[in-house]
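The next block holds one structure in the form of structure tokens; read it before the comments.
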Amino acid sequence: VLYSMGVLNSKTFVETDRSGLVAGYVGQTAIKTKEKIESAIGGILFIDEAYALAQDAGSGSGFGKEAIDALVKGMDDNRDNLLVILAGYSDDMDKFLDTNPGLKSRFANIIEFKDYSVDDLLIIADNLFRNKGYVITKEARLKMKDIFKEACKVSDFGNGRYVRNIFEKAVRNQAVRLEKIDNLTKEYLVTIEACDVSEVNL
């Protein structure tokens, strides 16, 4: 969209995280970060879980701090030809932006995405199971709803990712259950029962 609007010069989209910016030896992190920035010139550099860069910032000489310093300089040097997007949990990102005096001022737009509601999570679950060829019984769906209600009470519980974990565990539970049944029909193979649905670690 930004390319079509003429905001960006190219459709380049480079996604990375701490491991893509931080090296294991002194002096290499700045080089690695600069190379990642250069690969995104004209487009977007997306840094997921960016707050992880600050996990050693308190030491004053950590590799994460070196990456942050290189990132700030790279953004300044390419401010007319690079869009940098940082993503992460709100509280962690607030702390991260405070690790470098020039970092926060370079991100004029901060968008906070609210967690999905219980009903939203159920819609995501419905779509996930359906797209994978499964049918959820009414009882299984009600059980999932109860699980989502409890999970939503925990901060940073994973939200949409939690639905995927519920799905994967339900499919595994169903497979174990079906091992004990003879003469399986197609209906058995695609149906997720309430007993297949269980909580996963938050």
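The values are calculated or read from the model by the stated rules, or taken from the named source; none is laboratory data. Treat the numbers as computed from the prediction; the structure is a model and nothing was measured. In this analysis, Cβ positions are derived from the backbone assuming ideal geometry, glycine residues included, and neighbour counts consider all displayed protein chains. To get the accessible areas, we keep the full protein, side chains included, count just its heavy atoms, and leave off ligands, DNA and RNA. Shrake-Rupley method; radii C 1.70, N 1.55, O 1.52, S 1.80 Å.
If you check 96, 46 for being open to solvent by 30 Å² or more (accessible area, probe 1.4 Å) and of a type in the set (A, V, I, L, M, F, W, C), only one passes: 46. Considering the stretch 167-182, the residues that are farther than 14 Å from residue 199 by Cβ and free of Cβ contacts under 8 Å to residues at least 12 places away in the same chain include one that is farthest from the chain's Cα centre (by Cα), namely 182. The sole residue among 56, 69, 76, 94 that is free of Cβ contacts under 8 Å to residues at least 24 places away in the same chain and within 20 Å of residue 22 (Cα to Cα) is 56. Is it the case that some residue within the stretch 155-166 is farther than 30 Å from residue 44 by Cα and surrounded by 16 or more Cβ atoms within 10 Å (Cβ to Cβ)? Yes: one or more hits. Of everything in the stretch 63-93 that's in a helix (DSSP H, G or I) and within 26 Å of residue 115 (Cβ to Cβ), which residue is most open to solvent (accessible area, probe 1.4 Å)? Taking the candidates together, the pick is 91. Among residues of the stretch 174-197 being part of a helix (DSSP H, G or I) and among the charged types (D, E, K, R), the one that is most open to solvent (accessible area, probe 1.4 Å) is 186. The set of residues from the stretch 99-121 being within 26 Å of residue 2 (Cα to Cα), charged (D, E, K, R) and either surrounded by 12 or more Cβ atoms within 10 Å (Cβ to Cβ) or in contact with a strand residue (DSSP E or B) (Cβ under 7 Å, 6 or more places away or on another chain) (or both) comprises 104, 106, 115. Scanning the stretch 1-43 for residues that are charged (D, E, K, R), assigned to a loop (DSSP other than H, G, I, E, B) and surrounded by 14 or more Cβ atoms within 10 Å (Cβ to Cβ) yields a total of 1.
Pick out the one residue from 38, 66 that is under 15 Å from residue 13 (Cα atoms) and of a type outside the set (S, T, N, Q). If you could, list the steps in order and put the result at the bottom.
Numbers: 66 fails: under 15 Å from residue 13 (Cα atoms).
Step by step, each of 38, 66 is checked, and only 38 is under 15 Å from residue 13 (Cα atoms) and of a type outside the set (S, T, N, Q).
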